[in-house]
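First the structure, in the form of structure tokens, and then the observations on it.
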Amino acid sequence: MEIIYGTWHWAISGLLIGLIMLLLIYFGKSFGMSSNLRTMCSMAGANKHCSFFDLDWKEQKWSLAIVVGAILGGFVAYHFLQNGTEVAINPTTIEKLAAMNIDAPNGKLVPDALFSIETMMTFKGFSILLLGGLLIGFGSRYAGGCTSGHAISGMSNLQLPSLIAVIGFFIGGLIMAHLILPLLF
């Protein structure tokens, strides 16, 4: 049971992702989470109002298993696979958060000052989440896919646009973490 609770070496995870990608390539499929939103909207009838959603969703419904698996996997991991240890966060990160008046996450992945129901109910918190969601939604469509689609599927197919998109994702993350986040807090 320790193999399930413990952290896996990156090479094992990388090998498993690589094998899955080879199977997807073999069957002519691609992986990505943002495309599932388009599939779900098409299933719900959005294609009657917007040509962007005009696609054969029955060909894409297999990828909805990824969404269901991510939700179920998160639920199972949170409720049944916790080993009682807190998440170890670098002390330098905690110091930098404290300099922005953000409390330490206290064993969680993210601090409550950024991700909590109370924060979301404030004007500032709601505005940040709304703007961030719009930017992610617009950005993933503008880039032709999301981070998982480009970084895993696109780069495994050696697509230059995916490499450019992934470089842009990293640059955007660095700008957010080092320049914008300190301005917000």
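Structure values in brief
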| item | result |
| --- | --- |
| Matching residues, segment 90-125, being in contact with a helix residue (DSSP H, G or I) (Cβ under 6 Å, 6 or more places away or on another chain) and open to solvent by 80 Å² or more (accessible area, probe 1.4 Å) | none |
| Selection from segment 126-150 of residues that are touching a residue at least 12 places away in the same chain (Cβ under 8 Å) and open to solvent by 50 Å² or more (accessible area, probe 1.4 Å) | ILE128, ARG141, GLY144, THR147 |
| Count of segment 29-53 residues which are open to solvent by 70 Å² or more (accessible area, probe 1.4 Å) and at pLDDT 85 or above | 6 |
| Breaking point among (1) open to solvent by less than 80 Å² (accessible area, probe 1.4 Å); (2) in a loop (DSSP other than H, G, I, E, B), for LEU24 | (2) |
| Among the candidates LEU114, LEU72, LEU55, LEU129, residue that is of a type outside the set (Val, Ile, Thr), assigned to a helix (DSSP H, G or I) and over 30 Å from LEU16 (Cα atoms) | LEU129 |
| Residues within segment 72-98 that are in contact (Cβ under 8 Å) with a residue 60 or more places away in the chain and of a type in the set (A, V, I, L, M, F, W, C), tallied | 1 |
| Answer residue from segment 69-80, given it is among the hydrophobic types (A, V, I, L, M, F, W, C) and open to solvent by 80 Å² or more (accessible area, probe 1.4 Å) and is farthest from SER148 (Cα to Cα) among those | PHE80 |
| Selection count, segment 154-169, where residues are at pLDDT 85 or above, surrounded by 12 or more Cβ atoms within 10 Å (Cβ to Cβ) and assigned to a helix (DSSP H, G or I) | 10 |
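The values are calculated or read from the model by the stated rules, or taken from the named source; none is laboratory data. For clarity, every value in this text was computed on a predicted model and none was experimentally measured. Positions of Cβ are backbone-derived with ideal geometry, glycine not excepted, and every protein chain shown enters the neighbour counts. Heads up: the accessible areas ignore ligands, DNA and RNA and are worked out on the full protein's heavy atoms, side chains in. Shrake-Rupley method; radii C 1.70, N 1.55, O 1.52, S 1.80 Å.
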